[in-house]
Amino acid sequence: GPRPYGYEGLGELFVFLFFGVVAVTGSYFVQTERLSLEAVALSVPVGLLAAAIIVVNNVRDVDTDRRAGKRTLAVKLGRRRARGLFSVLLGLAFAWTVALALAGAPTVWLLLGLVAAPLGVPLVRTVATRGDGPSLNAALAGSGRLLAVYSVLVSIGLLIS
């Protein structure tokens, strides 16, 4: 459209909402024909990990985006804070998973998703310390893999229950 969300620093928010909450809750609704607060709660870590992918992309592109007049969240925050945001999003995704289990989520088997957490460690390190395109491209791909592995593991946990 005339004012893309990514140009206004809203890309991460919309990715969280549409690739997290809407995708997970919508998929649940299509299969069960009902809405569920549990599905919404389970969508949060998925949305956080999806938003982290956009953060890596925008950290990589912060200089070119700034020159092009794009006001992404990384441009608004600056590279250092955007790198910190990446770490926070990953940490919150896994902390939310633990909180769900402690709060009596449908099953403790969703903790199987935590097995994916070590995949995030080198990503956090790379995003925090590297500024070159190839390294951040690798972190971008790794962030996508992290989301996929986490999602599969949580799905397996839910199927086991």
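The values are calculated or read from the model by the stated rules, or taken from the named source; none is laboratory data. Small disclaimer: the values here were computed from a predicted structure and weren't measured. Here the Cβ is made from the backbone with ideal geometry for all residues, glycine too, and neighbour counts use every protein chain on show.
Scanning the stretch 13-64 for residues that are among the charged types (D, E, K, R) and under 19 Å from Ala99 (Cα atoms) returns a single hit, Glu38.
What residue, among those in the stretch 95-118 that are at negative phi and in a loop (DSSP other than H, G, I, E, B), is modelled with the lowest pLDDT?
It comes out as Pro106.
Look at the stretch 135-161: where a residue is more than 11 Å from Val56 (Cβ to Cβ) and a partner is part of a helix (DSSP H, G or I) and modelled with pLDDT under 95, sitting 6+ places away or on another chain with Cβ atoms under 6 Å, you get Val154/Leu110; Gly157/Trp109; Gly157/Leu110; Ile160/Trp109; Ser161/Trp109. Would you check which residues across the stretch 52-78 are surrounded by fewer than 23 Cβ atoms within 10 Å (Cβ to Cβ) and either outside any helix (DSSP H, G or I) or not hydrophobic (A, V, I, L, M, F, W, C) (or both) and list them? Result: Asn57, Asp61, Asp63, Thr64, Asp65, Arg66, Arg67, Gly69, Lys70, Arg71, Lys76, Gly78.
The residues of the stretch 55-84 that are of a type in the set (S, T, N, Q) and either under 17 Å from Gly142 (Cα atoms) or at pLDDT below 95 (or both), listed by number, are Asn57, Asn58.
Condition (residue is farther than 29 Å from Gly6 by Cα, out of contact with any strand residue (DSSP E or B) (no Cβ under 6 Å at 6 or more places or on another chain) and among the small types (Gly, Ala, Ser)) applied to the stretch 80-100: is it met by at least one residue? Within the stretch 80-100 (the criterion being farther than 29 Å from Gly6 by Cα, out of contact with any strand residue (DSSP E or B) (no Cβ under 6 Å at 6 or more places or on another chain) and among the small types (Gly, Ala, Ser)), the answer is yes, since at least one residue qualifies. Within the stretch 104-161, being basic (Lys, Arg) and either within 13 Å of Ser87 (Cα to Cα) or buried (at least 17 other Cβ atoms within 10 Å of the Cβ) (or both) holds for one residue alone: Arg125. Applying the criterion of being closer than 17 Å to Ala105 by Cα and polar (S, T, N, Q) to the residues of the stretch 1-51, the residue that is surrounded by the most Cβ atoms within 10 Å (Cβ to Cβ) is Ser43.
Take the stretch 127-160 and flag every residue that is hydroxyl-bearing (Ser, Thr, Tyr) and more than 19 Å from Thr25 (Cβ to Cβ). Before the answer, list the steps.
Initially, the stretch 127-160 is screened for residues hydroxyl-bearing (Ser, Thr, Tyr), giving 129, 135, 143, 150-151, 155.
Result: Thr129, Ser135, Ser143.
Considering only residues of the stretch 86-103 that are surrounded by fewer than 20 Cβ atoms within 10 Å (Cβ to Cβ) and of a type in the set (A, V, I, L, M), which is nearest to Thr129 (Cα to Cα)? Within the stretch 86-103, the match that is nearest to Thr129 (Cα to Cα) is Val88.
The rows are residues; the columns are (1) under 10 Å from the mean Cα position of the chain (by Cα); (2) within 20 Å of Ala116 (Cβ to Cβ); (3) touching a residue at least 24 places away in the same chain (Cβ under 8 Å).
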{"site": "Tyr7", "(1), (2), (3)": "no, no, yes"}
{"site": "Gly11", "(1), (2), (3)": "no, no, yes"}
{"site": "Val24", "(1), (2), (3)": "no, yes, no"}
{"site": "Ser36", "(1), (2), (3)": "no, no, no"}
{"site": "Asp63", "(1), (2), (3)": "no, no, no"}
{"site": "Gly78", "(1), (2), (3)": "no, no, no"}
